[in-house]
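The values are calculated or read from the model by the stated rules, or taken from the named source; none is laboratory data. Not measured: the values here are computed from a predicted model. Glycine also receives a Cβ, built like all others from the backbone with ideal geometry; neighbour counts cover every protein chain displayed. Accessible surface areas use protein heavy atoms only, side chains included; no ligands, DNA or RNA. Shrake-Rupley method; radii C 1.70, N 1.55, O 1.52, S 1.80 Å.
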Amino acid sequence: MAEKIIGKPAAIYDEFSRKGGAAPTATHYCPGCGHGIIHKLIGEAMDDLGIQDRSVMISPVGCAVFAYYYFDCGNLQVAHGRAPAVGTGMSRAQDNAVVISYQGDGDLASIGLNETMQAANRGEKMAVFFVNNTVFGMTGGQMAPTTLIGEKTVTCPDGRDPRFAGYPLHMCEILDNLKAPVFIERVSISDISHIRKARKAIRRALEVQRDGKGYAFVEVLSTCPTNLKQNAQQSTDFVNNMMEKEFPLQNFRDRFDEAEPLWRDESDFSKSAIDKLYSLEDNASPEAVPDKDFRIALVKIAGFGGQGVLSMGLTLARAGCRDQRYTSWYPSYGPEQRGGTSNCSVVISGESIGSPVVYESDVLIALNQPSLEKFAGDVKKGGVILYDATISGVEVPKNVRSIAVPAMQIAKDAGSVKAANTVMLGVMMELGDTGLPEKVFREAIEDTFASKPKLIPMNLTILEAAAKWARENIK
Amino acid sequence: MATQLIKGNSAVIIGALYAGCDCYFGYPITPASEILHEASQTFPKLGRKFVQAESEEAAINMVYGAASAGHRVMTASSGPGMSLKQEGISYLAGAELPSVIVDIMRAGPGLGNIGPEQGDYAQVVKGGGHGNYHNIVLAPNSVQEMCDHTIKAFELASKYRNPVVVLADGVLGQMIEPLHFPDEAITPVIDESWAVCGTKETKENLVSSIFLDFDKLEDFNYQLQEKYETIKENETVHEEYMTEDASIVLVAYGISSRICHSAVEVARREGFKVGLFRPITLFPFPEKELKGIADSYDCTFIAVEMSNGQMMEDVKLAIECSRPVELVNRLGGNLITLDQVMEKIREVASREA
Ligand SMILES: Cc1ncc(C[n+]2csc(CCOP(=O)(O)OP(=O)(O)O)c2C)c(N)n1
Ligand code: SF4
Ligand SMILES: [Mg+2]
């Protein structure tokens, strides 16, 4: 049929050596299939625009799975429906590549609908050529999302019935609701006059890519005479009369002139840049030193979210690091925290740490009632419980000291109710149950508030006030 | 040497940055999300590429796209997300694309919960997707190793053109420990002999996993198996602790191996001859090394894992069932406790006495 009006583009191989077999210049497509024509139109546009070397063609799963037999450019073959995601990866990695995603209706509008929508919505730099032949060609003619109402396929043998199979999907119209796409058009390759228009649209989509301007989508109404059991005339008529009625040909959008090219930054792999990102020069502790004589401290800290339970644990861990102890911190996470309480485990040790999760603690700090109730029973003999004095208290195991600390009150008196956690740290510092010297607690407070230096003096004051309270009130 | 307190999940990204990872694609899931967060906060600042994908399927296929261009690229997820990635991982293996995937295991099956587990072992170590392929699998057990193994993963992925999975769990992802930052940063080199970059030099290259011809696909499959043999020869890594005279050998990886390390110390103090064998690569599994122990000592093995004996099967295979293998495990998001391991040790020891 119409193929004669297109010459052989340079971007299409002369011989299809990847295909192999006896006829190296014949395609694997059926006679009358639309895929061959669309390939040529794309190849021609690649020639005209001088983008052959920059082009990366993505072959889908469908009859065009072997598109790479034909296109003389970089080629990827990918999983069913995932071409837009693969194209995204390629485009982000190789900013200058002209990414071309070539997909059928099953691939693009059924299994790959999400990837299609999302890549379009992100405005990925790629040209998507959507070959709508209303059927799953490759797998033997099953219903596609674009199958027309009443159209018979293997899986809707009596014709597509919208009561059971819904309606044809209109991809151009769907994508036209999105802001990001630069170019959207529906064309047909049913006959010569249609092919002329299709050629222009395909070229435009690739121009958008040549200039790095963003996402372009061309839906091509195409033929599958084999599965629709049509001869050449019937398939032309089907596209012109039936398909066009359901899928009107039109340009939906052409923002080529307004769209700005988007060129991405170069990657920086230098060590200095990464070091700087993590402020390695001015924010680091010395490495831990083994010390068999240091008694391991297992600390559990628990309370309401917002009471600074997790950050208090981190400050304690920082103190451990400052003292060159092996240290770990492990939080409750996710929905565990939703109920409003959270907890963390801190282990400070003279040798490498086994489990970072504390089941039985030497020190329990409880800032609310539920936490005290939940964890008091797990404190080891000889251990200590610090809880806020506003909590009514619970029964504690034998040989465990429990101390009600007016943490909220001390914090409030010193200027911030929120700093009850710092009060508890100050009491811990004074009690010495963690085996850490006082000095590292002060340093740890400075580390914790390094990014908000204004808060350092107040927290240090609270730390000292708490220590004083402990000296005066705890025997 | 200087350290910073770093969360395990963040350490993964620190490793990736120093390893020259250029692209990160991911989708949120607890307990792996901080990997995504850390990438979003760091990659763009260094001009590197970050996309929050629409799903794990999309993410792994974005990995496929960027890996096709020869870039160092990664994604991370947890249980349900890993299941979604399996098709993509099979394609990566089939197309021989270097890629790094981090799995912060949570409890399953189904939605399960977000607690730590090691139940993805079989899925990740045996293949998981369709076809005769293997991932290289590394099992860190500390924040330091979360970073170091990620770096190693990129090195192995490039060396063997194979997907590499860093297999960790919720505890390793969520915990904070001091991290000694990497001493060097790698500037990756793109291998133009196979990569497709949208350049004249790489125009003839094709990334694909199709072999229509049965015999050709069979040949390719055998080639893959040869590659896996080479990997077994060269890359198997494990650690032993006090196994020399052990009559009980604990076998554990990841967070479980740390609990077992403590158990060995407690058991030794109590007079039990207990040692620890820790596989660091799970594929390749240190079969010969484990068999060596089984052949040399009259010992009982105890597989300690947060899964239903998935790793224990590999222990039995490795030692060809020549010694008894017991199982200590927890499931559902619970950690194995020191007491639990000790109880088993005492039980086995008393039986032997
Ligand atoms: C995950 C997956 N599911 C199903 C298939 C089988 N399959 C191959 S092609 C195809 C449909 C192709 O139809 P379409 O995208 O319209 O392409 P056409 O052949 O019509 O050009 C299907 C379902 C597959 N390869 N992979
Ligand atoms: S089955 Fe249909 S779509 Fe596939 S090659 Fe034949 S005519 Fe073309
Ligand atoms: Mg189709």
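Summary of computed values
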| item | result |
| --- | --- |
| Pairs where the first residue, in the stretch A:216-228, is under 24 Å from A:PHE183 (Cβ atoms) and the second is open to solvent by 10 Å² or more (accessible area, probe 1.4 Å) and part of a strand (DSSP E or B), C-beta under 7 Å, 6+ apart | A:VAL218/A:GLU185 |
| Residue ID - least open to solvent (accessible area, probe 1.4 Å), chosen from residues in the stretch B:155-179 that are farther than 21 Å from B:ASP120 by Cα and within 14 Å of chain A (Cβ to nearest Cβ) | B:LEU179 |
| Residues within the stretch A:115-140 that are open to solvent by less than 10 Å² (accessible area, probe 1.4 Å) and either in contact with an Asp or Glu (Cβ under 6 Å, 6 or more places away or on another chain) or within 11 Å of ligand 2 (Cβ to nearest atom) (or both), tallied | 5 |
| Test for B:ALA349: is it part of a loop (DSSP other than H, G, I, E, B), at pLDDT 95 or above, over 19 Å from A:GLY354 (Cα atoms) and open to solvent by less than 50 Å² (accessible area, probe 1.4 Å) | no |
| Residue list for the stretch A:98-129, filter: near ligand 1 (Cβ under 9 Å from one of its atoms) and within 11 Å of chain B (Cβ to nearest Cβ) | A:ILE111, A:GLY112 |
| Among (1) under 19 Å from B:ASN334 (Cβ atoms); (2) in contact with a strand residue (DSSP E or B) (Cβ under 6 Å, 6 or more places away or on another chain); (3) not hydrophobic (A, V, I, L, M, F, W, C), the one test that A:ASP362 misses | (1) |
| Failed item in (1) closer than 25 Å to B:VAL125 by Cα; (2) modelled with pLDDT of 95 or more; (3) open to solvent by 40 Å² or more (accessible area, probe 1.4 Å), with B:LYS273 passing the rest | (1) |
| Single residue of the stretch A:18-47 satisfying the filter (in a helix (DSSP H, G or I), of a type outside the set (Val, Ile, Thr) and away from ligand 2 (no atom under 15 Å from the Cβ)) that is nearest to the other protein chains (Cβ to nearest Cβ) | A:MET46 |
| Cβ pairs under 6 Å, 6+ apart, first in the stretch A:232-250 and touching a residue at least 12 places away in the same chain (Cβ under 8 Å), second acidic (Asp, Glu) | A:THR236/A:ASP191 |
| Elements of type strands (runs of 3 or more DSSP E) contained in the stretch B:215-299, each with 2 or more residues being in contact (Cβ under 8 Å) with a residue 24 or more places away in the chain, under 26 Å from B:ASP339 (Cβ atoms) and of a type in the set (D, E, K, R) | B:238-241 |
| Residues located in the stretch A:130-145, provided they are more than 8 Å from ligand 1 (Cβ to nearest atom) and over 23 Å from A:VAL86 (Cα atoms) | A:THR134, A:GLY140, A:GLY141, A:MET143 |
| Conditions (1) more than 11 Å from chain A (Cβ to nearest Cβ); (2) over 23 Å from B:ALA16 (Cα atoms); (3) in contact with a strand residue (DSSP E or B) (Cβ under 7 Å, 6 or more places away or on another chain); number of the one not met by B:LYS203 | (1) |
| Counted residues, the stretch A:60-81 - those being in contact (Cβ under 8 Å) with a residue 60 or more places away in the chain, within 7 Å of ligand 1 (Cβ to nearest atom) and in contact with a Phe, Trp or Tyr (Cβ under 7 Å, 6 or more places away or on another chain) | 2 |
| Qualifying residues in the stretch A:265-277 (those that are of a type outside the set (Gly, Ala, Ser) and more than 7 Å from every other protein chain (Cβ to nearest Cβ)) - the one surrounded by the most Cβ atoms within 10 Å (Cβ to Cβ) | A:ASP275 |
| Residue match in the stretch A:282-293 (condition: under 26 Å from the mean Cα position of the chain (by Cα), charged (D, E, K, R) and at the interface with another protein chain (Cβ under 9 Å from one of its Cβ atoms)) | no |
| Filtered residues of the stretch B:245-258 (kept if at pLDDT 95 or above and either open to solvent by 10 Å² or more (accessible area, probe 1.4 Å) or β-branched (Val, Ile, Thr) (or both)) | B:SER247, B:ILE248, B:VAL249, B:VAL251, B:ILE255, B:ARG258 |
| Selected residue (criterion: nearest to ligand 3 (Cβ to nearest atom)) from residues of the stretch A:115-138 that are farther than 24 Å from A:LYS200 by Cβ and part of a loop (DSSP other than H, G, I, E, B) | A:GLY137 |
| Unmet requirement for A:ALA22, which otherwise passes all of (1) within 16 Å of ligand 1 (Cβ to nearest atom); (2) open to solvent by 30 Å² or more (accessible area, probe 1.4 Å) | (1) |
| Condition met for B:ALA185 (open to solvent by less than 50 Å² (accessible area, probe 1.4 Å) and within 7 Å of chain A (Cβ to nearest Cβ)) | yes |
| Residue check, A:ASN343 touching a Gly at 6+ places or on another chain (Cβ under 8 Å), free of Cβ contacts under 8 Å to residues at least 60 places away in the same chain and more than 11 Å from chain B (Cβ to nearest Cβ) | yes |
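So that you can scan it fast, the table gives a plain yes or no per residue for (1) in contact with a helix residue (DSSP H, G or I) (Cβ under 7 Å, 6 or more places away or on another chain); (2) open to solvent by less than 10 Å² (accessible area, probe 1.4 Å); (3) part of a loop (DSSP other than H, G, I, E, B); (4) in contact (Cβ under 8 Å) with a residue 24 or more places away in the chain:
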residue: A:GLY306; (1), (2), (3), (4): no, no, yes, no
residue: A:LEU310; (1), (2), (3), (4): no, no, no, yes
residue: A:GLY320; (1), (2), (3), (4): no, yes, no, yes
residue: A:VAL347; (1), (2), (3), (4): no, yes, no, yes
residue: A:SER352; (1), (2), (3), (4): no, no, yes, yes
residue: A:PRO356; (1), (2), (3), (4): yes, yes, yes, yes
residue: A:ASP362; (1), (2), (3), (4): no, no, no, yes
